[in-house]
Structure formats: structure tokens, C-alpha cells
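Peer 1: Encoded as C-alpha cells, here's the structure I'll be asking about.
The values are calculated or read from the model by the stated rules, or taken from the named source; none is laboratory data. This one's a predicted model, so the numbers in the text were calculated from it and none came from an experiment. Cβ placement follows ideal geometry from the backbone for every residue including glycine, while neighbour counts extend to all protein chains displayed. Side chains are part of the model used for accessible areas, which takes the heavy atoms of the whole protein and leaves out ligands, DNA and RNA. Shrake-Rupley method; radii C 1.70, N 1.55, O 1.52, S 1.80 Å.
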Amino acid sequence: MEFHTGDGAVRVNVPDLAALERAVAERIDARAGFAVATLNLDHLVKLRSDQGFRAAYAAHDLVTADGNPIVWLSRMAGRRVSLVPGSDAILPLVHVAAAAGAPVGFVGTTAPALDSAADYLERRVPGLQVAARIAPAMGFDPEGDAADAVLDALEDAGVRLAFVALGAPKQERFAAHGRRRLPGMGFASIGAGLDFFAGTQVRAPVPVRAAAMEWAWRALGDPRRLGPRYAACAAILPGLVTEAIEMRRRSEP
């Protein structure tokens, strides 16, 4: 489905995890760069008000549905996609990289979390090479001199796929900047996924996620920060439902 974002649009163009794995494997094998974004309602809220974020998203080659509302809206519009959160994509993409002999790099969160996540994944995935672990300082500019220094370090380490855990919109802006500057490298924006592997953040239990209630579990854990965010997401839903229904109507013979 294509989601309108003010003066632009974002389209979920990767229908499921298997398609994402194939696309990333093909690009790594061809030594072609790419950037992966995982679209959710919070991103759509931010995209409507942040032109820089819209420009960054436009530079992403692969977009998955991260969040059940995106999946449901896409299906309403007649486009069948499956849920592919960034956190769930890390392990499969790490396997893809390891099979190709492509070193990976981690950017974001904290140095201890990166070390723990790297240690866990290297034990879990035979042949995995975590060649760079970079935790930028507070106030990191994803498109400035500090970002260029991080990209130089990734390139010097031989990284072929960088997992970026800076939170939206910073991670997508950094990935887009890297996509332009290092056209042979891959970037995947994955939010808190590395913290889950490190154990520095706790993800909702599987039954909660299966019931599509991860958002409520997170909101209960941090209502002051996430309450306004989810309220803003709820506010745009009626318009998105209308757009999805109209899109389906136009596509019907």
C-alpha cells in the first residue's frame, strides 16, 4: 500500500520476511548498497510533519510493514503484506550476511549493549563477523561530520551491512546519508532490536505480540512518553482507513 505523507508518499514494497531476505541476499551478493526501513504508524505521524524524514525515507530501497495497523490497512487496500518488525528482521538478516561472508556493523544504543548483542549473535550464528560496534554520543547529528566519521569507521572495518539502532527519525536519516555516501553498503534501521538481544530492554512476551497488543504492553511500561505518541497515531487512523478503502475501490474492475 502507498501511504500519503503530505507532499510525498511511502510504499510498503517488501511483502514478507522471505522477500526481504531474498532482496538483501541478492544485493549483498552483487555488492550493491541498499537501505531497509520498517514503516509503522509513529513513522507516518512524523513523516507528515518532518520534511527531512520524508527525504530520508525516499532514499530507502526496501520498506516493510512494522506494526499490525500497517498490515491491516494494506490488506484493506487489497495489498497483502505480512508483519516484519525491525527487531524480527535482525536474526534472519544476520544469517544472510554470515552465509555470504559479509561482515556486519552495529551503530547506536550504548557500547555495553552493542557488545552484549554482538557476543550473543556471534554465538548463535556460525560464521558471523561483527566488524564494528559504534555507539554515537548524545546529540549525534545523523547527517553531519560525526555521521561521516562513523561511516568512515564502518567502511574501514569492511562492513557490508550496518544495523542502525538510533530510533526514528535519526536512524533513517543516518541510513539515507550512508546510502548516498557509501553506495556499496547496506543499512537496516532496527530500533530497539539490539537492546532486546543484549537484555538491556525487555520486549513484550510472545503471546502479547501474537494478540497484536505489544503497543499496549509498551504504553503501560512508559505511559508518560508513549501515551502522547500512541494518541497521535490513533488520530490519523480514520483518514488512513478511508484512504485504504478508496484505494481498494479504485483497483477493483
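Peer 1: How do Ser82, Ser189 rank by accessible surface area computed with a 1.4 Å probe, from largest to smallest? Walk me through the numbers on the way to the answer.
Peer 2: Numbers: Ser82 50, Ser189 0 Å².
Sorted by accessible area, descending: Ser82, Ser189.
Peer 1: With every protein chain left in place, what is the accessible area of Thr38 in Å² (1.4 Å probe, nearest 10)?
Peer 2: Per-residue accessible area (Thr38): approximately 10 Å².
Peer 1: When Lys and Arg each count +1 and Asp and Glu each count -1, what net charge do the other residues less than 14 Å away from Glu252, Cβ to Cβ, add up to?
Peer 2: Numbers: positive: Arg79, Arg248, Arg249, Arg250; negative: Glu246.
Local charge sum for Glu252: +3.
Peer 1: Quick one: of the DSSP bridges fully inside the stretch 1-139, what percent are antiparallel, nearest 5? Please report the intermediate quantities before stating the final value.
Peer 2: Numbers: 3 of 12 bridges.
DSSP beta bridges in the stretch 1-139 are roughly 25 percent antiparallel.
Peer 1: What fraction of the Cα pairs in the stretch 1-56, stated in percent, has a spacing above 16 angstrom?
Peer 2: Details: 779 of 1540 pairs.
Percentage above 16 Å: 51.
Peer 1: When N counts the residues of the stretch 103-176, how does its alpha-carbon radius of gyration compare numerically with 2.2 N^0.38 Å, as a ratio? Present the calculation step by step, with values, prior to reporting the outcome.
Peer 2: Values: Rg = 12.0 Å, N = 74, 2.2 N^0.38 = 11.3 Å.
Normalised Rg, Cα atoms only: 1.06.
Peer 1: Counting DSSP beta bridges with both partners in the chain, what percentage is antiparallel, nearest 5?
Peer 2: Working: 3 of 24 bridges.
Of those bridges, close to 10 percent are antiparallel.
Peer 1: Give the separation of the Cα centroids, the stretch 161-186 to the stretch 36-66, in Å.
Peer 2: 13
Peer 1: I've got another one for you. Give me the mean projected area, in nm² to one decimal, of the convex hull enclosing the Cα positions of the stretch 79-122.
Peer 2: On the way: hull surface 16.7 nm².
In nm², the orientation-averaged hull projection of the stretch 79-122 is 4.2.
Peer 1: Note the angle between two axes, namely the Cα long axis of helix 86-100 and the longest principal axis of the Cα atoms of the chain, as a number of degrees from 0 to 90, rounded to the nearest 10.
Peer 2: Between helix and principal axis, roughly 40 degrees.
Peer 1: Separate question: Would you mind computing Rg(Cα) / (2.2 N^0.38 Å) for the stretch 142-199, counting N as its residues? Intermediate values should be presented prior to the final figure.
Peer 2: Values: Rg = 11.1 Å, N = 58, 2.2 N^0.38 = 10.3 Å.
Compactness ratio reported: 1.08.
Peer 1: At a threshold of 8 angstrom on Cα-Cα distance, excluding pairs fewer than six apart, so keeping six or more, what relative contact order does the chain reach in percent?
Peer 2: Details: 433 pairs, mean separation 59.1, N = 253.
Here the relative contact order equals 23 percent.
Peer 1: Please compute the Kirkwood hydrodynamic radius of the stretch 37-115 from all pairs of different C-alpha atoms, in Å with one decimal.
Peer 2: It is 14.7 Å.
Peer 1: If R₀ is 35 angstrom, what is the calculated FRET efficiency for the pair Ala153 and Ser82, using the beta carbon separation as r and rounding to 0.05?
Peer 2: Numbers: r = 35 Å, r/R0 = 0.99.
About 0.50, to the nearest 0.05.
Peer 1: Right, another one. Mind checking Rg over Rh on the stretch 82-238, alpha carbons, Kirkwood formula for Rh? Display every interim value, and only then the final one.
Peer 2: Details: Rg = 16.3 Å, Rh = 16.5 Å.
The Rg/Rh ratio comes out at 0.98.
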